[in-house]
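First up is the structure itself, then whatever we jot down about it.
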Amino acid sequence: MTIKVLFVCLGNICRSPTAHGVFEQTVAKHQLSGHILVDSAGTGGWHIGETPDSRATSRALTRGYDLSQLRARQVCLQDFNEFDYILAMDHNNLAELQAIAPADYHGELTLFLNYSAGRETDEVPDPYYGNGDGFEYVLQLVERASKDLLQNIIERHRLLC
Ligand code: 4NP
């Protein structure tokens, strides 16, 4: 069985691709890539087909995460059939997802940071319009939450690694 995890933000060029790259690499480090599939999407469609924001890409690279192969896409109804976990970066993203989610969606639709054990906030703030410092903060939040999310999935689904 493959567990499928989708990270969602607004544009799919800053926060959710960062989460996608970081979590995918965390999964790989635990040799669980054959069990957990990772993807990301945006609630908006302005950046479809684009690579992640260069500020996100360069910041991620300083910590060894390569986001260069990712391309933005918009979340779609089929995602609710596919993904076991749909994890929103902020409350707006979550509200947009809840508005389109089928009533019988059986997976986990929640904030990504709800999985972050010692979290100081429940949102990954949008760094797009800031001065650039926001991208470092996004990485910090995402790295911590990714470890905790993976531990949660390992225990819940009894994955051996
Ligand atoms: P993201 O950031 O949701 O983290 O990808 C944004 C990217 C683009 C826009 C807004 C937020 N935008 O308005 O184009």
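Grab the DSSP H runs of the chain that are 4 residues or longer, score each as -39,500 (n - 2.57), total them, divide by all residues and round the 222 nm result to the nearest 500 deg cm²/dmol.
Estimated from H runs of four or more residues: -12000 deg cm²/dmol.
Which of the GluC sites (Glu not before Pro) across segment 108-156 are loop residues per DSSP, with 12 or fewer other Cβ within 10 Å?
The qualifying sites are E120.
Show the residues, 5+ positions off or on another chain, whose built amide H is closer than 5 Å to the amide H of I36.
For I36, the qualifying residues are I3.
Considering only C-alpha atoms, what is the centroid distance from segment 9-68 to segment 134-158, in Å?
13
Mind checking segment 99-161 for trypsin sites (Lys or Arg not before Pro) that DSSP puts in a loop (not H, G, I, E or B) and that have at most 10 other Cβ atoms within 10 Å?
On the way: sites: R119, R144, K147, R156, R158; in loops: R119, R158.
Loop-located and lightly packed - R158.
Magnitude of the Cβ-charge dipole of the chain, K/R +1 and D/E -1, about the Cα centre, nearest 20 debye?
Charge dipole of the chain: 440 debye, to the nearest 20.
So, by mean Cβ neighbours within 10 angstrom, what's the order for 100-107, 56-63 with the highest one leading?
56-63, 100-107
Shape call for segment 95-155 from the C-alpha gyration tensor, a ≥ b ≥ c root eigenvalues: rounded (a/c under 1.5), prolate (a/b greater than b/c) or oblate?
oblate
Arrange the peptides 34-40, 127-133 so that the one whose residues have, on average, the most other Cβ atoms within 10 Å appears first.
Highest-to-lowest ranking by the protection proxy: 34-40, 127-133.
Sort segment 1-119 into rounded, prolate or oblate with this rule: let a ≥ b ≥ c be the square roots of the eigenvalues of the Cα gyration tensor; rounded if a/c is under 1.5, and if a/c is not under 1.5, prolate when a/b is larger than b/c, oblate otherwise.
oblate
Apply the Karplus parameterisation 6.51 cos²θ - 1.76 cosθ + 1.60, with θ equal to phi minus 60°, to every residue of segment 14-31 and state each ³J(HN,Hα) to the nearest whole Hz, in sequence, with x for glycine and proline.
Coupling constants for segment 14-31: 10, 6, 5, x, 4, 4, 4, x, 5, 5, 4, 6, 5, 4, 5, 4, 8, 6 Hz.
Read-outs throughout are calculated quantities, based only on the coordinates presented, and are distinct from any laboratory measurement. None of these values were measured; they are calculated from a predicted model. Note that each Cβ is placed from the backbone with ideal geometry, even for glycine, and that neighbours are counted across all protein chains shown.
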